[in-house]
Amino acid sequence: MGKITTFILLLLIQPFFQKIESQQLNLKNQTFSAKVIRILDGDTMEVLYKNTPIKIRLAHIDCPEKRRSQPFGNHAKQALSDLCFGQYVMVYGQKYDRYKRLIAVVNNQKKQVLNQEMIRQGMAWHYKKYSTDVLYAQLEITARQNKVGLWHDLHPIAPWEWRKPKPKLHV
C-alpha cells in the first residue's frame, strides 16, 4: 500500500517540478538542438528542449498576423511549418522578449536559416525596428522586386502597422 501511495504522490507533484525546471532554463546567448513541436505563426514556434517546451520568436523578421486575419498570415505559418515542423533544429538564442519568448536564429536540418528563408519566400518583412542586419534588408528588397509571396499583393501592410489599433467609426 505504501508503494502505491508514494507512486501516486510522485505523479501528482511531477508537474510542479517541471515548472520549476523550465523557469530555471536560461537560454540567452546559448546554442542548442531541439525538436520543433508547434508552429504558432510565421515567426513563432515552440521547441522541446530537455523535456521543456520553449517558445522561440525568430529574430530579424516580422510575419503577417495569423490571429488578426492579416492577408498571408496563414500562408506564413504554413511556410514555417513546411521548413521545420517535427524536425530537430539548431537554435542560436539571443535574448528574451517581454513575452518571455527566446529571440533566436534557427537552422533546419537542411542547414537553411529559417529567419532568412521566410523573407526569401516573401513570407516576412525585415523587422528594422529591432534589426539592422544588411543581409535581411537585401533579402526583402529581392523578394519585393521578384513579387514573391506577400509582395505579389499590390498594397501589403506591414504587421506592425496591422497591429496598431484601428480608429473606431462613429455612426
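The values are calculated or read from the model by the stated rules, or taken from the named source; none is laboratory data. Everything quoted here is computed from the prediction, not taken from an experiment. Cβ placement follows ideal geometry from the backbone for every residue including glycine, while neighbour counts extend to all protein chains displayed. The area values use the complete protein model at the heavy-atom level, side chains included, leaving out ligands, DNA and RNA. Shrake-Rupley method; radii C 1.70, N 1.55, O 1.52, S 1.80 Å.
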Evaluate the following for LYS95: is it surrounded by fewer than 14 Cβ atoms within 10 Å (Cβ to Cβ) and more than 14 Å from the chain's Cα centre (by Cα)?
no
Which condition from (1) open to solvent by 20 Å² or more (accessible area, probe 1.4 Å); (2) outside any strand (DSSP E or B); (3) in contact (Cβ under 8 Å) with a residue 40 or more places away in the chain; (4) of a type in the set (Val, Ile, Thr) is the one that ILE103 breaks?
(2)
Answer from GLN112, GLN70, GLN138 - the residue that is of a type outside the set (Ser, Thr, Tyr), in contact (Cβ under 8 Å) with a residue 40 or more places away in the chain and over 18 Å from LEU27 (Cβ atoms)
GLN70
With the requirement that a residue be of a type in the set (A, V, I, L, M, F, W, C), at pLDDT 95 or above and in contact with an Asp or Glu (Cβ under 6 Å, 6 or more places away or on another chain), what does region 117-171 give you?
ILE119, TRP125
Taking VAL89 as the residue in question, decide whether it is on the phi < 0 side of the Ramachandran plot, among the aliphatic types (A, V, I, L, M) and surrounded by fewer than 19 Cβ atoms within 10 Å (Cβ to Cβ).
no
For residues that are outside any loop (DSSP other than H, G, I, E, B) and either open to solvent by 40 Å² or more (accessible area, probe 1.4 Å) or farther than 22 Å from ARG68 by Cα (or both), tally how many sit in region 111-166.
21
Does LYS77 meet the test of being closer than 24 Å to ARG163 by Cα and open to solvent by 60 Å² or more (accessible area, probe 1.4 Å)?
yes
Output for region 47-65, where each listed residue is open to solvent by 30 Å² or more (accessible area, probe 1.4 Å) and over 15 Å from MET118 (Cα atoms):
LEU48, TYR49, LYS50, ASN51, PRO53, LYS55
Close pairs (8 angstrom Cβ cut-off, 6 or more residues apart or separate chains): in contact (Cβ under 8 Å) with a residue 40 or more places away in the chain in region 148-165, outside any helix (DSSP H, G or I) and open to solvent by 80 Å² or more (accessible area, probe 1.4 Å) anywhere
TRP160/LYS129; TRP162/ARG68; ARG163/ARG68
Pair list, Cβ under 9 Å, 6 or more apart: region 26-49 residue farther than 26 Å from SER69 by Cβ, other residue at pLDDT below 95
TYR49/LEU25
